[in-house]
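The values are calculated or read from the model by the stated rules, or taken from the named source; none is laboratory data. The structure presented is a predicted model; accordingly, all values stated were derived computationally and were not measured. All Cβ positions, glycine included, derive from the backbone under ideal geometry; neighbour counts span all protein chains shown.
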Amino acid sequence: MIPFNKPPYTGKETEYLLDAVRGKKLSGDGKYSKLCQEWFEKYLPCPKTLLTPSCTHALELAAILLDIETGDEVIMPSYTFVSTANAFVLRGAKIIFVDIRSDTMNIDETKIEAAITDKTKAIVPVHYAGVACEMDTIMALATKYNLFVVEDAAQAMMATYKGKALGTIGHLAAYSFHETKNYTSGGEGGLLLINDPQFIERAEIIREKGTNRSQFFRGMVDKYTWSDIGSSYLPSELQAAYLYAQLEQSEYINQFRLKIWHKYFHQLKKLADEELLLLPIIPQECSHNAHMFYIKVKNLQQRTLLLSYLKDHDVLAVFHYVPLHSSSFGIKVSSFHGKDVFTTRESEKLIRLPLYLGLQDTEIDKIIKTIFSFY
Ligand SMILES: *Cc1c(COP(=O)(O)O)cnc(C)c1O
């Protein structure tokens, strides 16, 4: 069976894990956490990054920083992971979904403005498959209506929009290092990216259980005390050690994935030309990171048939999000602004093919051959 995913491993992870185990500090913000955060701040660039135990936690931290409270509205696509919405629902917000674009599966930027009310506090674009949302339009709306933008860049590390790294455009952003993403910190992990410096000091306090411990360790205050609401949003050094090995190999991982992506794209093009399926569309201003290779088939029924055909031929392909507004909980805490033209219809057509570090050419050939034989 060709699995859908294998967690990335490049070789140095074990060595760094052992080094962290033998070091003097295993809890958060030790040597490897600092190395990772410095790497991001330099590579991206971004004024401040903070490792978190997950992308979910980074989004929760963002919602606290924006002082989201009961009655506030937050605009996002319905075609996303639950955490995008839950982070804000936890603060009491009402989620306002708008439709997606059928080409990129990203929020339709032309439908956002009509959904803005005087209760709107933030827009949360999700860069699906590491392909950027139309950020110039979204940032202009944020300026016009005095809103914050939190990029859910869970899938988007190493991808760009008009040359700018995703995650560095909104006021705040979040990456995921879950084992299904391009880079992992040992299974679970995330990063909060702070592009608006007004949030830096408070983010450190909230992440440290509501204390000014980070300032204390830097010698900026002579004792540390309870200063705000907060939680424990620090990952252990073991997670950071695993991640650092992957950051050192980030270009290698990115190129490996892109090669697979292009192979799928070129070999399946014949089926797309015959209008049997649709291939991903990458807008000109976006460079992506091959987070995902998906195809879109005719409809839900054909998708079910193809998925089971692939499974019968030892290939594990999967579908993706069930739109949040259609879930039993979504109905209670959200509403869909405007018409759902593409969200449900397009999500039902989508199939993700295996794509991971180490996927072999012979395996890709087999997957492609199986898809051809299905048609
Ligand atoms: C993976 C993912 C998340 C959640 O990431 P975790 O690190 O598992 O918390 C959130 N949003 C999107 C779009 C994702 O793909």
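Please enumerate the residues belonging to the range 198-238 that are assigned to a helix (DSSP H, G or I), over 30 Å from Glu15 (Cα atoms) and out of contact with any Phe, Trp or Tyr (no Cβ under 8 Å at 6 or more places or on another chain).
Gln198, Phe199, Ile200, Glu201, Arg202, Ala203, Ile205
Would you confirm, using the coordinates I've provided, whether Asp118 is of a type outside the set (Val, Ile, Thr), closer than 22 Å to His288 by Cα and more than 16 Å from the ligand (Cβ to nearest atom)? Full working, then the answer.
Numbers: of a type outside the set (Val, Ile, Thr): yes; closer than 22 Å to His288 by Cα: no; more than 16 Å from the ligand (Cβ to nearest atom): yes.
No, not satisfied.
Among Tyr161, Tyr175, which is the only one that is assigned by TED's automatic domain parsing to the domain that holds Ile123, within 11 Å of the ligand (Cβ to nearest atom), among the aromatic types (Phe, Trp, Tyr) and within 29 Å of Met292 (Cβ to Cβ)?
Details: Tyr161 fails: within 11 Å of the ligand (Cβ to nearest atom).
Just one listed residue meets the conditions, Tyr175.
Run Asp118 past the list (1) surrounded by 22 or more Cβ atoms within 10 Å (Cβ to Cβ); (2) under 23 Å from Gly71 (Cβ atoms); (3) of a type in the set (Asp, Glu) and report the number of the one that doesn't hold.
Evaluating Asp118 over (1) surrounded by 22 or more Cβ atoms within 10 Å (Cβ to Cβ); (2) under 23 Å from Gly71 (Cβ atoms); (3) of a type in the set (Asp, Glu) leaves (1) as the failure.
Do we find that Ala115 is under 26 Å from Gly189 (Cβ atoms) and modelled with pLDDT of 95 or more in this structure?
On the way: under 26 Å from Gly189 (Cβ atoms): no; modelled with pLDDT of 95 or more: yes.
In short, no.
Could you say whether any residue in the range 264-274 is outside any helix (DSSP H, G or I) and within 30 Å of Leu18 (Cβ to Cβ)?
Narrowing the range 264-274 to residues outside any helix (DSSP H, G or I): 274.
Applying the additional criterion that residues be within 30 Å of Leu18 (Cβ to Cβ) yields none.
No, the range 264-274 contains no residue that is outside any helix (DSSP H, G or I) and within 30 Å of Leu18 (Cβ to Cβ).
Filter the range 178-208 for residues that are in contact with a strand residue (DSSP E or B) (Cβ under 6 Å, 6 or more places away or on another chain) and closer than 16 Å to Thr84 by Cα; which is nearest to the ligand (Cβ to nearest atom)?
If we take residues in the range 178-208 being in contact with a strand residue (DSSP E or B) (Cβ under 6 Å, 6 or more places away or on another chain) and closer than 16 Å to Thr84 by Cα, then Gly190 is nearest to the ligand (Cβ to nearest atom).
Go through the range 127-158 and give me each residue that's assigned to a loop (DSSP other than H, G, I, E, B), among the small types (Gly, Ala, Ser) and within 12 Å of the ligand (Cβ to nearest atom).
Of the range 127-158, the ones assigned to a loop (DSSP other than H, G, I, E, B) are 127, 131-134, 146-147, 153-158.
From what's left, among the small types (Gly, Ala, Ser): 132, 153-154, 156.
Answer for the range 127-158, where residues must be assigned to a loop (DSSP other than H, G, I, E, B), among the small types (Gly, Ala, Ser) and within 12 Å of the ligand (Cβ to nearest atom): Ala153, Ala154, Ala156.
Out of all the residues in the range 102-111, is one or more surrounded by 20 or more Cβ atoms within 10 Å (Cβ to Cβ), within 12 Å of the ligand (Cβ to nearest atom) and under 27 Å from Asp228 (Cβ atoms)?
No: the range 102-111 contains no residue that is surrounded by 20 or more Cβ atoms within 10 Å (Cβ to Cβ), within 12 Å of the ligand (Cβ to nearest atom) and under 27 Å from Asp228 (Cβ atoms).
Please verify whether Lys296 is in the same structural domain as Trp261 (by TED's automatic domain parsing) and closer than 24 Å to Ser102 by Cβ, treating the condition exactly as stated.
On the way: in the same structural domain as Trp261 (by TED's automatic domain parsing): yes; closer than 24 Å to Ser102 by Cβ: yes.
Against the criterion (in the same structural domain as Trp261 (by TED's automatic domain parsing) and closer than 24 Å to Ser102 by Cβ), Lys296 qualifies.
Applying the selection to the range 40-56, what residues are under 18 Å from His127 (Cα atoms) and within 14 Å of the ligand (Cβ to nearest atom)?
Within the range 40-56, Ser54, Cys55, Thr56 qualify.
Please find, within the range 58-83, the residue that is nearest to the ligand (Cβ to nearest atom) out of those that are in contact with a Ser or Thr (Cβ under 9 Å, 6 or more places away or on another chain) and of a type in the set (Val, Ile, Thr). Don't jump to the end; show me each part of the working.
To start, the set of residues in the range 58-83 that are in contact with a Ser or Thr (Cβ under 9 Å, 6 or more places away or on another chain) comprises 58-61, 64, 72-79, 81-83.
Narrowing further to those that are of a type in the set (Val, Ile, Thr): 64, 74-75, 82.
Working: Ile64: 16, Val74: 14, Ile75: 15, Val82: 8 Å.
My answer is Val82.
Can you give me the number of residues within the range 35-88 that are part of a helix (DSSP H, G or I), buried (at least 19 other Cβ atoms within 10 Å of the Cβ) and acidic (Asp, Glu)?
1
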